[in-house]
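One structure is given below, encoded as structure tokens.
The values are calculated or read from the model by the stated rules, or taken from the named source; none is laboratory data. The structure displayed is predicted, hence computed values, not measured ones. Positions of Cβ are backbone-derived with ideal geometry, glycine not excepted, and every protein chain shown enters the neighbour counts.
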Amino acid sequence: MSRSLKLAFILDPLDKLKAYKDSSIAMMRAAAARGHSVFAIRREALSWCDGVVAARALAISPTDDDHDWYVAGDEAVLPLTAFDAVIMRQDPPFDFEYVTATWLLERAVAGGARVFNDPRAIRDHSEKLAICEFPQLIATTLVARDAVDVHAFIDELGDVILKPLDGMGGSQIFRVRADDPNRNVIVETLTHDGVRTIMAQRYLPAIAEGDKRVLIVGGEVVPYSLARIPKAGETRGNLAAGGRGVAMALTAREREIAECLAPILWARGLLVVGLDVIGGHLTEINVTSPTCFVEIEAQTGFSIAALFVDKLEQACI
């Protein structure tokens, strides 16, 4: 692409990002390497006035130094339409402030801004519940908050995974067997005594082989997954929970799942999507700030960040 783009990334605090593994930083480095201008925005800085959504944006020049990974430039309040694209990469929690940000970003889109992932699509795709749209691809699943329903599910399947709908990084995920003496207190705790809806899924022994992160960028399926393999004595493969990441070529089933979803999700404006797949079953559809770019490239040489910039350039033509 001959034209230099102005790209704004909505991020967590810059000093909190871990440059050696952060996918957003990989994106920004790849964009800067193509000659594009990069800006950082905090979600808290978004504002709306007189029909214009604006934010304080800091121009940054990414470096290859993981300790001092950027050089700060000028900072100014700019309308989001001043950028060729705005990339929403704020991590959860997906709380009311996050939802508010999607509303503001939706107003920006209505005013002519390009925002990826699309704010309405982010808001409409609960990373846990979105799988319910594709029941043919998932393991046996229950979504409920009544303890009677949850316990009946545990009794029927005998071995299940329970998790909240707003968790990330493997937080508050429990494996519960029918004979678990703590099952009552686990269900009570997760449902907040029946006032919070949770998800229960059949336990998949294939988790021992890894919770696979399969990435889709601009409707294109990345040919490698990152298998997040649980440490000994653990049922969670999440890297944040101590899992070990091993890049692997996609299996036929993983590619089938990803190819099924890719055109559907890209048509909704979801530029970067991270599917979680265990034993050939879709378990989550991550759309807020999917990761694993750096780990996959380090082990395979395939640059997902470069693919991201390719797709972003195409979208901005």
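Output yes when any residue across region 222-236 is at pLDDT below 95, among the aliphatic types (A, V, I, L, M) and over 14 Å from the mean Cα position of the chain (by Cα), and no when none is. So far as region 222-236 goes, yes, one or more of its residues are at pLDDT below 95, among the aliphatic types (A, V, I, L, M) and over 14 Å from the mean Cα position of the chain (by Cα). Specify the residue that is surrounded by the fewest Cβ atoms within 10 Å (Cβ to Cβ); the eligible residues are those in region 102-133 that are in contact with a Leu (Cβ under 6 Å, 6 or more places away or on another chain) and among the hydrophobic types (A, V, I, L, M, F, W, C). Of everything passing the filter in region 102-133, L104 is surrounded by the fewest Cβ atoms within 10 Å (Cβ to Cβ). (1) touching a residue at least 60 places away in the same chain (Cβ under 8 Å); (2) surrounded by 17 or more Cβ atoms within 10 Å (Cβ to Cβ); (3) not hydrophobic (A, V, I, L, M, F, W, C): which one isn't true of Y20, the others all being true? The one condition Y20 does not meet is (2). Take the conditions (1) surrounded by 14 or more Cβ atoms within 10 Å (Cβ to Cβ); (2) of a type in the set (S, T, N, Q); (3) under 25 Å from T100 (Cα atoms); S47 misses just one of them, which is (1).
If I filter region 7-30 for residues that are more than 24 Å from the chain's Cα centre (by Cα) and either in a loop (DSSP other than H, G, I, E, B) or at positive phi (or both), do I get at least one hit? Scanning region 7-30 turns up no residue that is more than 24 Å from the chain's Cα centre (by Cα) and either in a loop (DSSP other than H, G, I, E, B) or at positive phi (or both).
Listed by position, the strands (runs of 3 or more DSSP E) enclosed by region 99-183 that each have at least 2 residues that are under 18 Å from the mean Cα position of the chain (by Cα) are 159-164. Selection of region 130-186 for residues being within 30 Å of E254 (Cβ to Cβ) and of a type in the set (D, E) yields E133, E156, D159, D166.
Let's see how each residue does on (1) farther than 26 Å from D276 by Cα; (2) touching a residue at least 40 places away in the same chain (Cβ under 8 Å); (3) assigned by TED's automatic domain parsing to the domain that holds L275:
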{"position": "H36", "(1), (2), (3)": "yes, yes, no"}
{"position": "D66", "(1), (2), (3)": "yes, yes, no"}
{"position": "Y70", "(1), (2), (3)": "yes, yes, no"}
{"position": "P92", "(1), (2), (3)": "no, yes, no"}
{"position": "V99", "(1), (2), (3)": "no, no, no"}
{"position": "D118", "(1), (2), (3)": "no, yes, no"}
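For every residue, the table says whether it meets (1) in a loop (DSSP other than H, G, I, E, B); (2) out of contact with any Leu (no Cβ under 6 Å at 6 or more places or on another chain).
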residue	(1), (2)
V187	no, yes
R196	yes, yes
I207	no, yes
V222	no, no
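This table checks each residue for (1) touching a residue at least 40 places away in the same chain (Cβ under 8 Å); (2) within 20 Å of M199 (Cβ to Cβ); (3) surrounded by fewer than 22 Cβ atoms within 10 Å (Cβ to Cβ); (4) not acidic (D, E).
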site: L250; (1), (2), (3), (4): no, no, yes, yes
site: R255; (1), (2), (3), (4): no, no, yes, yes
site: L261; (1), (2), (3), (4): yes, yes, no, yes
site: V273; (1), (2), (3), (4): yes, yes, no, yes
site: G279; (1), (2), (3), (4): yes, yes, yes, yes
site: E284; (1), (2), (3), (4): yes, yes, no, no
site: V309; (1), (2), (3), (4): yes, no, no, yes
site: I317; (1), (2), (3), (4): yes, no, yes, yes
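Of all the criteria given as (1) surrounded by 19 or more Cβ atoms within 10 Å (Cβ to Cβ); (2) at pLDDT below 95; (3) in contact with a Leu (Cβ under 8 Å, 6 or more places away or on another chain), the one not satisfied by V176 is (2). Take E254 and tell me if it is of a type in the set (D, E, K, R) and more than 21 Å from A30 (Cα to Cα). So E254 passes the test. If I filter region 55-74 for residues that are more than 24 Å from the chain's Cα centre (by Cα) and of a type in the set (S, T, N, Q), do I get at least one hit? The answer is yes, given that some residue of region 55-74 is more than 24 Å from the chain's Cα centre (by Cα) and of a type in the set (S, T, N, Q). Checked against (1) in a helix (DSSP H, G or I); (2) touching a strand residue (DSSP E or B) at 6+ places or on another chain (Cβ under 6 Å); (3) within 30 Å of S37 (Cβ to Cβ); (4) not polar (S, T, N, Q), I257 passes all but condition (3).
Picking from residues in region 297-317 that are β-branched (V, I, T) and over 20 Å from the mean Cα position of the chain (by Cα), the one that is nearest to L7 (Cα to Cα) is I317. Once region 184-210 is narrowed to residues that are crowded, with 19+ Cβ neighbours inside 10 Å and at pLDDT below 95, the residue that is nearest to the chain's Cα centre (by Cα) is G210.
Across region 31-51, the number of residues qualifying as out of contact with any Lys or Arg (no Cβ under 9 Å at 6 or more places or on another chain), part of a strand (DSSP E or B) and not small (G, A, S) comes to 1.
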